[in-house]
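Read the structure below first, then the notes.
The values are calculated or read from the model by the stated rules, or taken from the named source; none is laboratory data. If you're wondering where the values come from, they're calculated on a predicted model, not measured in any experiment. In this analysis, Cβ positions are derived from the backbone assuming ideal geometry, glycine residues included, and neighbour counts consider all displayed protein chains.
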Amino acid sequence: MVKREVIGAHYGLRDWLAQRITAVVMGVYTLMMLGVLASTPRLDYWSWKTLWELPVMRYATMLFLLSLLLHAWIGVRNIFMDYIKDPGLRLTLYVLVIGALVGYLIWSVQILWGL
Amino acid sequence: MPKSRPKYLDLFRIRLPLPGLISILHRITGAGLFLLIPLVLYLLQSSLQTPQAFASFKDMLGHPLIKLLLIGIAWAYLHHLCAGIRHLALDLHYGTELAAARASSWAVLAVSVASTLVFGALIW
């Protein structure tokens, strides 16, 4: 019988795909924002505020930020996996990054919906 | 011919090929952009709160150092975006031959720098 060692959590493909889907979402959002800014010739406080009160702007930005935070998590985690050899330190950094990203998510909702 | 062992990757002794440079810049700009997330959220939040905050940010934009900083951030974003698009193309098996991979690496450098210059010209 072949003695096989089962290693890994098998999240590789899922994360690989998530990294690409979130990238496409952010790319589309970037183009959209360029269009919005290009069609706003004189940007003052009131036009800026009115712009962000549009539901489409809020939801599109929320989708962008969700993609960004997931994308950032996968990317930063990969960097830590490559360079941080000590498991304890790596785990600590994971926790700090997840905490920061969850915090950014809550903050994003507060900004966009003015809670 | 026996190859000399052990192999090692001494970052200061290996010459990084162009696609490798694009790759490590993708990683460095990604890490930098991650660190900028709270700054961007803070700027968005403050700019929406009061007309005074909005006006003070607009004034800050008049400072050349802030403009340079903004151009640097724009380059990081644009490089990460262009290198990411190249990555998606490679995933779809476009441009995986050496010559094409080098050409697309040059294209990533050129397009990201050129669009950064356009951005710089627009805000200057």
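General observations
- One residue from B:30, B:84, B:120 being more than 30 Å from residue A:94 (Cβ to Cβ) and in contact with a helix residue (DSSP H, G or I) (Cβ under 7 Å, 6 or more places away or on another chain): B:120
- Checked across region B:67-77, the condition of being of a type outside the set (A, V, I, L, M, F, W, C), within 14 Å of chain A (Cβ to nearest Cβ), within 30 Å of residue A:50 (Cβ to Cβ) and assigned to a loop (DSSP other than H, G, I, E, B) holds for no residue.
- Boolean, residue B:37 is modelled with pLDDT of 95 or more, under 15 Å from the mean Cα position of the chain (by Cα) and part of a helix (DSSP H, G or I): yes
Every residue, every condition in (1) in contact with a helix residue (DSSP H, G or I) (Cβ under 8 Å, 6 or more places away or on another chain); (2) modelled with pLDDT of 95 or more; (3) closer than 26 Å to residue B:87 by Cβ, yes or no:
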residue	(1), (2), (3)
A:2	no, no, no
A:5	no, no, no
A:14	no, no, yes
A:19	yes, yes, yes
A:28	no, yes, yes
A:38	no, no, no
A:41	no, no, no
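- Entry remark, region B:90-107: residues being part of a helix (DSSP H, G or I) and either farther than 16 Å from residue B:20 by Cα or touching a Leu at 6+ places or on another chain (Cβ under 9 Å) (or both) number 6 in total.
- Scanning region A:39-69 for residues that are within 10 Å of chain B (Cβ to nearest Cβ), out of contact with any Leu (no Cβ under 8 Å at 6 or more places or on another chain) and without any contact (Cβ under 8 Å) to a residue 24 or more places away in the chain yields A:44, A:45, A:46, A:51, A:53.
- Residues of region A:70-90 satisfying the condition of being farther than 16 Å from residue A:22 by Cβ, more than 10 Å from every other protein chain (Cβ to nearest Cβ) and of a type in the set (A, V, I, L, M): A:81, A:84, A:89
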